[in-house]
Amino acid sequence: MAVTAAPTTRMLTLVEALTELRMSRAAFYRLRARGKAPRCLKLPNGQIRIRRADLDIWFEGCEVPAC
């Protein structure tokens, strides 16, 4: 019987996400404290991961209509 692997979800480290956002760690944590940052996962070792899909959704929510 063949075992089928579940589709993998791309997870970004905090450093990868901050590089893409061009944002400082302090600014990210301020957004997070206000509940305005992308959804995050906190691993048992304390590291933060952000799903690629959650970051994309967050970007879409930042879009403003044309004037």
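Assorted remarks:
- Accessible surface of the chain, 1.4 Å probe, proportion on carbon and sulfur as whole %: 57
- Label-point gap, in nm, between LYS36 and ASP56 - each point 7 angstrom along Cα→Cβ: 2.5
- Shape call, the chain: gyration tensor on alpha carbons, a/c limit 1.5: oblate
- Added length on full extension, which subtracts the Cα-Cα distance from 0.36 nm per residue, ALA27 to GLU63: 11.1 nm
- Accessible area expressed per residue, the chain, with surrounding protein chains retained (probe 1.4 Å, Å²): 81
- Calculated mean residue ellipticity at 222 nm for the chain: -12000 deg cm²/dmol, from DSSP H runs with n ≥ 4 weighted as -39500 (n - 2.57), summed, divided by the residue count and rounded to 500.
The values are calculated or read from the model by the stated rules, or taken from the named source; none is laboratory data. Since we're looking at a predicted model, the values are computed, not measured. Neighbour counts run over all protein chains shown; Cβ positions are idealised from the backbone, glycine included. Just the protein is used for accessible areas: all its heavy atoms, side chains included, with ligands, DNA and RNA removed. Shrake-Rupley method; radii C 1.70, N 1.55, O 1.52, S 1.80 Å.
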